[in-house]
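Before any comments, here is the structure.
The numbers here are math on the coordinates, done by the rules we state, and not lab data. Keep in mind that this is a model prediction, so the values were computed, not measured. Counting neighbours? That spans all protein chains shown, and the Cβs are built from the backbone with ideal geometry, glycine included.
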Amino acid sequence: MTTNLTPPAESVVGRFLRYVRIDTQSREGADRTPSTDGQWALVQLLADELRALGAADVVVNEHCTVYAAIPANSPHTATTPVLGFLAHVDTSPAVSGAGVNPVIHRDYRGGDIPLPGDPAQVIRVDQHPVLEQMVGDDIITTDGTTLLGSDDKAGVAAIMTMVDMLAHNPQVQHGRIAVAFTPDEEIGSGIERFDVTRFGAGVAYTVDGGALGEINDETFSARLATLTFHGKSAHPGTAKGVMVNSIRALADFLNRLPGELQPEATDGRVGFMHPYAGTADVETSSLKVILRDFDTTGLDEKERLLRTLAEDTARAWPGLTVSVEVKQQYLNMHKVLKDHPQLTEYAFEAARRAGVEPYRKPIRGGTDGSKLTFRGLPCPNLYTGGHEFHSKLEFNSRVGLEKTTETLVHLAAIFAERQAAA
Ligand SMILES: [Zn+2]
C-alpha cells in the first residue's frame, strides 16, 4: 500500500482458501433461489464474519443475499455517494465444486503446472502466457479434479478483506460503503431478486472479472430468439403429399445461418448468432438462438437476418409455418456508463495506486452489473486476478488476490478524496 497500513486480521489468501472449500455450485433449471442449499452455508458464514468485523446493518434475506454496510468515517460523507461492492457466492454448474482441494504452488519458478490429482490436467505456459509474469508469486490451483471457484470467491474474499482492512485502518477516510454477496449468478437468476433500494448504493462495482488490470465497462447487448417450426405429422406409410416434416425444415434453417457469424468464428468486437438448444418432432420442432452484439444496430441486423432466413425456410417447405419470438436479455452497460466516466476513471486510479496497469476490455457476455446498471445502479466490473474460469485449470495467485484487495481499499479512499476536493 502507498501508506503504511495495518494488515488485515486474516489475509485475503486465508479467506479465499476457506471459502473455496464450501460447495456452492449453482444448478441450472431449479425453480427457486438459491438453486442449491450449499450457497446458504457461505452466505451465513459471510454474515457472521461481517458482524465480527463491525459491519452495520448486516441482513441475510430470504433469497440468500447478504447485505451490509460500513459507516462513513470521512467528514465529507453528506455528499459522497454510497459506494457499493458486489460478488457472487455460487460457482459454475459446468464443473464440480464439491471437495475443492486448493493447492498452493509457492514461489513459482516458471514452466507448466501439472495438477496432482489428474495427470491430464496441466496449466501450460503456451496457453497461459500470463504465467511468465507470475514468477515468484504463489499460484493457487485445484488438484485437477474440480474447479477452483475463484469465480467468484476471489471477489468475495477481496471484498471481505477490504472490510477487514478498513476496520483496522481508521486513518483511511471513506464514505458509506455498501457490500452484498449474491447467489446464482452463473445461472443468471440471482440478480433478478436483488433489492437495489435495500442495498442503498448510488454507484457500485461487481468484483467478478479476470486478469489483474482488466476493467469492464462494456458488455454485449443480448437477445434470445425462439423459433417454432409447425409441420404436419402423418403415418410414414401413407405420408406422400401429406406429411410436412418440421425436423427437415429445422435442419434447412440451420444450414442457412451464416458460418462467419457463429461464436466459433468470432472474437473481439464481432457479435454472433448461436443456436444452442432445440427439440425435434415431425409435427413441431423448436430452436433457441442467442443473438449478441455490442451495438444495437448490429443486434437489429442479426434479428432481421434471422427473421428473413425463417421466412425463406417457410417458403421452401410448402405447408410449413415458422413463428419467431425474440426477447431482450440484457443491454450493453456502456450505454449508461458512458454518462458516468468517473467510475472507470476512479477504478483506473485505484489500480495504479495498487501497482497494477489498468486497461478496458469489453466483455463478450453479460454481468450482474449490466442488469443492475439498467435498474439504476451504474456498475462496472473489476478484476479479481483469476484465470480459466469454469474449468479444472482455473487459477489465481497470492498477488492476484492481494492486488485486488488493495484496489478496493484505494477505490474507497479515492471516492472520498474526490468528493473532498470537489
Ligand atoms: Zn463470476
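When only Cα pairs under 8 Å and 6 or more residues apart are kept, what is the percent relative contact order across the chain?
23 percent
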- The helix 296-316 Cα axis meets the longest alpha-carbon principal axis of the chain at an angle in degrees, between 0 and 90 and rounded to 10, of 20 degrees
- Item | Relative contact order computed over segment 228-329 (Cα-Cα under 8 Å; 6+ residues apart), in percent | 33 percent
- Between 0 and 90°, nearest 10: helix 341-353 axis offset from the chain longest Cα axis: 50 degrees
- Task: Write down the Kirkwood hydrodynamic radius of segment 14-65, to one decimal in angstroms, obtained as one divided by the mean of 1/r over all alpha carbon pairs.
- Result: 12.1 Å
- Considering only the chain, percent of DSSP beta bridges that pair antiparallel, nearest 5: 75 percent
- Relative packing of peptides 395-404, 152-161, 249-258 - highest average C-beta neighbours within 10 Å first: 152-161, 395-404, 249-258
- Task: For segment 268-307, calculate the relative contact order in percent as a whole number, restricting contacts to Cα pairs under 8 Å that are 6 or more residues apart.
- Result: 38 percent
- Message: I'd like the orientation of helix 246-256 relative to the chain: the angle between its Cα long axis and the longest Cα principal axis, in ° from 0 to 90, rounded to 10.
- Response: 60 degrees
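Provide Rg over Rh for segment 161-299; use the alpha carbon set for both Rg and the Kirkwood Rh (inverse mean inverse pair distance). Provide the component values of the computation, followed by the final result.
Values: Rg = 24.1 Å, Rh = 20.0 Å.
Answer for segment 161-299: 1.20.
On full extension of the chain, what length is gained from D107 through N61, given 0.36 nm per residue of separation minus the C-alpha to C-alpha distance? Intermediate values should be presented prior to the final figure.
Details: separation 46, 0.36 × 46 = 16.56 nm, distance 4.16 nm.
Gain on extension, D107 to N61, equals 12.4 nm.
Using Cβ contacts closer than 10 Å as the measure, can you line up V322, V95, V59 from fewest to most? Don't skip to the end; give the middle numbers.
Details: V322 24, V95 19, V59 13.
Ordered from fewest to most neighbouring Cβ atoms within 10 Å, V322, V95, V59 come out as V59, V95, V322.
What is the calculated FRET efficiency for Q328 to V270, with r their C-beta to C-beta distance and R₀ = 22 Å, to the nearest 0.05?
The calculated FRET efficiency here is 0.60.
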- Scaled to the compact-protein estimate 2.2 N^0.38 Å, what is the alpha-carbon radius of gyration of the chain, rounded to two decimal places? 1.10
- Task: List the lysines whose Cα lies under 24 Å from the Cα of K240, skipping any in the same chain that are fewer than 8 positions away.
- Result: K232
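Ranking request for peptides 293-306, 97-110: highest mean number of other beta-carbon atoms within 10 Å first, then the rest in descending order.
On the way: 293-306: 16.6, 97-110: 15.0.
Output ranking for 293-306, 97-110: 293-306, 97-110.
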- Which of the peptides 167-180, 226-239 is most tightly packed, and how do the rest follow, going by the mean number of other Cβ atoms within 10 Å of each residue? 167-180, 226-239
- Item | Residue-wise HN-Hα coupling along segment 99-109, computed from phi with Karplus coefficients 6.51, -1.76, 1.60 (Hz; x: Gly, Pro) | x, 5, 10, x, 10, 9, 9, 6, 6, 3, 9
- Note on the structure: Gyration tensor (Cα only) of segment 228-329 to equivalent ellipsoid, semi-axes in Å sorted down, yields 30, 12, 11
